[in-house]
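A.B. asks: One structure, as structure tokens, below. Some questions next.
Nothing in this text is a laboratory measurement; each read-out follows from the coordinates by a stated rule. Bear in mind the structure is a predicted one, so any value in this text is a computation, not a measurement. So basically every Cβ, Gly included, is an ideal-geometry build from the backbone, and we count neighbours across all protein chains shown.
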Amino acid sequence: MNALRLFPRALLLLTAVIALLGGMGSGLARLGWQMDPLSRDWIMIHGPLMISGFLGTLICLERAVALASRWRWSLLVPVINAAGAIALLVLHDATPAKLLLSAGSLGLVALFGIMLRLHLSRDMIIMASGAVCWLIGNSLWLAGQPVYQVVHLWAAFLILTIVGERLELSRVRRLNQANEQLLALTVTIYLIGVILTIFNLDAGIRLSGVGAVLMAVWLLRYDIARRTIHQNGLPRYIAACLLAGFVWLGFGGLVAIWKGAVYAGPDYAIILHAYLLGFVFSMIFGHMPIILPALSGLRMNYSPLLYGHLILLHIALIYRMYGNLTLNFAARQQGGLLNVFSVLLFLAVTVTILYRSNPIREAPNTR
């Protein structure tokens, strides 16, 4: 792939990683760790940095690359969103960032509009619904709604994107119409709950929790990961990531049903981190060996090193959940720090594997 074409993608990926690092720093500051002044300044934008800045940019880039050969303007969508992530980091006034991120989410909805015209399917409708949730959440945030009011719309963006992708990939199992309709029903229940959070936070969170549990059960029963876990190498690693993530999605849903409306504190952290760390980051770990080569043009070979950050992520999250449930502040802090280490280890392992998988070839000696 032409290096000139790869450079903008690499720059966007770097911007997403910067947003990730800023989000993790602000998350540690929220847990009480002594961070540098910048991370303390970002303490109130931990969620927006992680969800809209980091993951929003990645998803926009992934979708834009798929359409760029016919619609070159599509690459403007991740550029706009990445600009919003940078604005969050460098500007004291969050309004420009909110505007840019809202524009980025609107652009993603437009990209899904094109995709739906090209290929109308249940999986694409589910993913497009997630993008609409992100747009609604960003619009409400721009209008002045607090993060706790819109974060479940943001979470729906990520959850539905992943569920839609899993439905698409599970077609190799030749799901029958009834099973696909069953997933559509569970997604509908979840979506109704998420939209209801705008008007009644308590009822909406509980209903979306029911939908999350049902989606987790469906994925555990019908996703292709049930088969690939018995294979070797990369397929087994990906399946391990997926199955662990599905369990966390169900756990988060159960706690949402139990706790209902929460605005801050340990219960708030349990629900969101079950969804966003246990489910979403487990999916990121599993899908990165597939997505990164598609975005960068580089090979990423399988290595057993990949299991290190996966195991650390889940052990740390279990310990963190224990701290939240028992109000053990030290366990919450230490679990959060270990979660950050797991993501940093993931980045380090990914770079190492990329380096090993793509050896630099010396130019031939013409003398």
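A.B. asks: Determine, for HIS152, HIS230, HIS92, HIS46, the number of other Cβ atoms within 10 Å of each Cβ, and report the residues in order from fewest to most.
C.D. replies: HIS92, HIS230, HIS46, HIS152
A.B. asks: Now for a separate question. In a shell of Cβ-Cβ distance under 15 Å around ILE270, excluding ILE270 itself, what net charge do Lys and Arg (+1) and Asp and Glu (-1) give?
C.D. replies: Working: positive: ARG30, ARG206, LYS259, ARG320, ARG332; negative: ASP267.
Summing Lys/Arg as +1 and Asp/Glu as -1 gives +4.
A.B. asks: Using helices alone, what [θ] at 222 nm do you get for the chain, with -39,500 (n - 2.57) per DSSP H run of 4 or more residues, divided over all residues and rounded to the nearest 500?
C.D. replies: Helix contribution divided over all residues of the chain: -25500 deg cm²/dmol.
A.B. asks: Please give the charge dipole size of the chain, origin at the Cα centre, charges +1 on K and R Cβ atoms and -1 on D and E Cβ atoms. Round to the nearest 20 debye.
C.D. replies: Magnitude of the dipole: close to 940 debye.
A.B. asks: Still on this model: How do HIS287, HIS314 line up, fewest other C-beta atoms within 10 Å first?
C.D. replies: Placing the least packed residue first, the sequence is HIS287, HIS314.
A.B. asks: With an 8 Å Cα cut-off and a minimum separation of 6 or more residues, compute the relative contact order for the chain in percent. Each step should come with its number before you reach the end.
C.D. replies: Numbers: 518 pairs, mean separation 41.9, N = 367.
With pairs under 8 Å counted, the relative contact order is 11 percent.
A.B. asks: Multiply the residue gap between GLN177 and ALA68 by 0.36 nm, knock off their C-alpha separation, and tell me the result in nm, one decimal place.
C.D. replies: Additional length available on full extension: 36.0 nm.
A.B. asks: For LEU354 and LEU325, FRET efficiency with R0 = 35 Å and r from the beta-carbon atoms, rounded to 0.05?
C.D. replies: Using R0 = 35 Å, I get an efficiency of 0.35.
A.B. asks: How far is it, in nm, from the label point at LEU169 to the one at ILE311 when both lie 7 Å from their Cα along the line to the Cβ?
C.D. replies: 2.2
A.B. asks: Under the definition of Cα pairs under 8 Å and six or more residues apart, what whole-number percent is the relative contact order of the stretch 1-119?
C.D. replies: 24
A.B. asks: I need the helices of the chain that pass two filters: whole DSSP H segments spanning 15 Å or more by Cα along the axis, and mean Kyte-Doolittle score no lower than 0.0.
C.D. replies: Length and hydropathy pass: 3-30, 56-67, 76-90, 95-118, 122-142, 147-169, 177-196, 201-222, 233-259, 282-296, 306-326, 329-357.
A.B. asks: Candidates (i) 83, 26, 19; (ii) 29, 25, 23; (iii) 46, 38, 15; which is the computed semi-axes √(5λ) of the Cα gyration tensor in Å?
C.D. replies: (ii)
A.B. asks: While we're looking at this one, here's another question. Specify whether the C-alpha gyration tensor of the stretch 105-213 places it in the rounded, prolate or oblate class, a ≥ b ≥ c being the square roots of the eigenvalues: rounded for a/c under 1.5, otherwise prolate if a/b is larger than b/c and oblate if not.
C.D. replies: Because a/c hits 1.5 or more and a/b fails to exceed b/c, the stretch 105-213 counts as oblate.
A.B. asks: Lys and Arg at +1, Asp and Glu at -1: add these up for the other residues within a Cβ distance under 13 Å of LEU337 and post the number.
C.D. replies: Computed value for this residue: +3.
A.B. asks: Still on this model: For ILE80, what is the net charge nearby, where nearby means another residue's Cβ is under 14 Å from its Cβ and Lys, Arg count +1, Asp, Glu -1?
C.D. replies: +2
A.B. asks: With a ≥ b ≥ c the root eigenvalues of the C-alpha gyration tensor of the stretch 1-156, is it rounded (a/c under 1.5), prolate (a/b larger than b/c) or oblate?
C.D. replies: On the way: a/c = 2.22, a/b = 1.43, b/c = 1.55.
Because a/c hits 1.5 or more and a/b fails to exceed b/c, the stretch 1-156 counts as oblate.
A.B. asks: Ranked by Cβ crowding within 10 angstrom, fewest neighbours first, how are SER208, SER26 ordered?
C.D. replies: SER26, SER208
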